[in-house]
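Q: Pasting a structure here, questions to come.
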Amino acid sequence: MNIFVVNLILFLLTAIKCQQEKYFSSLVQLEKLAVIESEFITKLAAIVDEVSDEDYVRKKLDYWKSEHRVLEQDVSKYIENPLNAFGMIKRATADISLLMKRIPSSMANELAQYRIKDSILTDAVRSLLLVQRIYKLSTNDIARGYLKSRHVRFRMTPYDLYTVGNVASNITNEEYFAKKYLELAYEKFKEGYDTRNEVDENELLIKIANLCERMNDYKCSAFHIKQILLKDPDNSEAAEYAIKIVKLFKEYGTSKISFDNPYDANFEMDGKYSRRKEFELLSDVCRGKLTKKVMEMSRLYCRYVSSTPFTMLAPFKVEEVNIDPYIVIYLNVLSNNEIQSLRNVTMRETHRNSNKDADEKSIFDVIRMVSLHDNNNELAARISRRIEDMTGLSVDPMEPLNVENFGVCGPVWRHGKQQKGNKMAMILFYMNDDHMDGYTAFPYLKVRIIPREGSALFWFTLKKSGQSEYGTRFTQCPVLYKSKWIAYKYIYEFGQEFKRPCPSTMEFVPTSIDEYDNEFF
């Protein structure tokens with residue numbers, strides 16, 4: 001199995017999900033959404049004096065305007081914040097729906113054109129929870145506007161928390177977080193933070209009770225139903241639900257389903273593979289919890305290398321990351337001017353492609369990207385020559401340099417048809433390092449690489465024998481804040497016969513990826 005196909009297997013729980021969250025991950029789409037929001041604010045301002053519930057609508061309009069003023073000060077900075085990105089999508093879905101319920105239907109129809117699909121909100125919540133799972137982020141911290149120890153946004157309102165919990169309750173295997181967010185929404189509601197009266201207390205309590213019931217926690221369910229009946233003894237829906245819960249409690253007792261708690265999970269080797277264990281392995285490596293042993297680290301060195309007479313005068317600085325399989329970092333190989341040039345051409349090409357038909361531009365929905373070929377881009381050709389000087393390998397002039405920019409959740413790696421043999425190696429250039437997290441991880445080697453602007457990560461994906469190097473399966477840990485710029489290029493096996501000859505004796509390698517996985521797990 002080709003190693004780049006194998007990479008996709010490891011990336012299944014993150015990249016495939018990220019592919020679906022187009023708006024949440026896509027800086028391009030969020031920029032477009034900012035324009036739509038501006039048009040919506042203008043439309044709402046024109047009708048606010050004509051609605052009966054003017055006080056509420058005016059409060060919402062003031063809220064929209066204040067958020068949009070912050071957005072306009074620096075669009076890129078605003079949308080590169082995942083809590084802001086979620087807020088934008090929530091305003092364009094749940095908030096507009098709430099608003100439409102409080103104004104005449106004729107006006108509501110005028111506002112409906114600015115509302116985006118519910119599936120986009122679902123994908124945004126799914127993406128937010130995915131990042132929360134990987135980095136074990138506290139729900140309370142996110143509600144307070146913190147990502148790890150960094151304060152990135154003001155406190156979530158009870159309706160914000162309700163929206164996350166309500167959407168999560170309809171996502172498979174997200175009952176744990178759904179309950180956490182809804183319970184926190186109720187807590188903040190009781191503390192008086194629902195200043196715009198957007199949360200229906202009874203509806204919220206019913207939803208929490210329903211989640212408790214799904215978890216077979218009937219005491220929890222009964223507690224929340226009781227809160228409704230204490231205030232409204234004649235509530236027929238709550239009374240019927242209470243009878244149902246009492247019956248279930250008598251029949252099944254207090255037994256609970258052990259629902260997925262992401263904070264209790266740990267990666268432990270027991271010789272059995274599972275997707276959950278693979279996910280926890282990825283999480284542990286991305287968080288830096290699982291690392292190489294000190295003895296293994298002591299064998300790694302920093303050195304200078306030169307593979308051609310030209311580079312003997314100015315050798316490259318190299319840091320060894322792993323010896324077998326071979327992974328190294330080349331330091332300071334891209335200049336600031338080169339990085340800026342690559343960024344500029346990517347922004348121009350993305351803008352040009354954003355005007356194409358939907359089928360043609362689908363690849364740009366998630367990330368900004370451009371492929372630069374040596375024959376029509378002098379900088380790409382110069383970088384190809386530099387790669388040959390760095391690695392001592394031949395670079396296929398037809399293979400493009402791919403430049404990408406992506407936000408929260410990260411990229412989906414795409415692999416085209418191979419023209420000349422197998423992809424033998426990969427080189428990945430880091431074009432910025434001011435984002436939070438977003439490391440490159442080799443989970444099976446317990447290695448994560450912290451991006452450094454101007455550096456390049458190089459590794460082999462095939463052994464000298466031509467067999468797959470299973471250990472170099474990699475992934476990009478999700479970006480948690482801001483955006484990440486990278487460039488990468490593949491190096492093919494074809495043409496390297498004299499530069500990386502086959503070994504005189506056959507190397508041992510597991511016969512299949514399953515054999516490798518069973519041994520590792």
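The values are calculated or read from the model by the stated rules, or taken from the named source; none is laboratory data. Because the structure is predicted, anything quoted here is derived from the model rather than measured. Ideal geometry is used to build each Cβ from the backbone, glycine not excepted, and the neighbour counts take in all protein chains shown. When the accessible area is computed, the model is the full protein with side chains, heavy atoms only, and any ligands, DNA or RNA have been set aside. Shrake-Rupley method; radii C 1.70, N 1.55, O 1.52, S 1.80 Å.
Q: Identify all residues within the stretch 217-249 that are in a loop (DSSP other than H, G, I, E, B), out of contact with any Leu (no Cβ under 8 Å at 6 or more places or on another chain) and surrounded by 15 or more Cβ atoms within 10 Å (Cβ to Cβ); write none if there are none.
A: ASP217
Q: Out of the residues in the stretch 90-107 that are over 17 Å from LYS59 (Cα atoms) and not in a loop (DSSP other than H, G, I, E, B), state the one that is least open to solvent (accessible area, probe 1.4 Å).
A: Looking at residues that are over 17 Å from LYS59 (Cα atoms) and not in a loop (DSSP other than H, G, I, E, B), I get THR93.
Q: For the stretch 163-175, which positions are assigned to a loop (DSSP other than H, G, I, E, B) and buried (at least 18 other Cβ atoms within 10 Å of the Cβ)?
A: Within the stretch 163-175, SER169, GLU174 meet the criteria.
Q: Moving to a separate point now. Is it the case that the stretch 56-72 has a residue that's surrounded by fewer than 20 Cβ atoms within 10 Å (Cβ to Cβ), assigned to a loop (DSSP other than H, G, I, E, B) and not hydroxyl-bearing (Ser, Thr, Tyr)?
A: Within the stretch 56-72, not a single residue is surrounded by fewer than 20 Cβ atoms within 10 Å (Cβ to Cβ), assigned to a loop (DSSP other than H, G, I, E, B) and not hydroxyl-bearing (Ser, Thr, Tyr).
Q: Follow-up. Which residues, counting only those in the stretch 408-462, are charged (D, E, K, R), touching a strand residue (DSSP E or B) at 6+ places or on another chain (Cβ under 8 Å), modelled with pLDDT under 90 and part of a loop (DSSP other than H, G, I, E, B)?
A: Scanning the stretch 408-462 gives a single hit, LYS420.
Q: Now for a separate question. So which residues in the stretch 122-162 are open to solvent by less than 10 Å² (accessible area, probe 1.4 Å) and either basic (Lys, Arg) or over 15 Å from the mean Cα position of the chain (by Cα) (or both)?
A: Answer for the stretch 122-162, where residues must be open to solvent by less than 10 Å² (accessible area, probe 1.4 Å) and either basic (Lys, Arg) or over 15 Å from the mean Cα position of the chain (by Cα) (or both): ILE142, ALA143, GLY145, PRO158, LEU161.
Q: Enumerate the pairs (first residue in the stretch 172-195 and within 13 Å of ARG155 (Cβ to Cβ); second residue anywhere and open to solvent by 80 Å² or more (accessible area, probe 1.4 Å) and not in a helix (DSSP H, G or I)) with beta-carbon separation below 9 Å, excluding pairs fewer than 6 apart on the same chain, so at least 6 apart or on different chains.
A: Qualifying pairs under 9 Å: LYS188/ARG155; TYR193/ARG155.
Q: For LEU83, state whether it is closer than 27 Å to ILE171 by Cβ, open to solvent by less than 10 Å² (accessible area, probe 1.4 Å) and within 26 Å of the chain's Cα centre (by Cα).
A: Taking the combined requirement at face value, the residue satisfies it.
Q: Here's another thing I want to ask about it. Take the conditions closer than 29 Å to LEU130 by Cβ, in contact with a Gly (Cβ under 9 Å, 6 or more places away or on another chain), in a helix (DSSP H, G or I) and open to solvent by less than 10 Å² (accessible area, probe 1.4 Å) and apply them to LEU30. Does it pass?
A: yes
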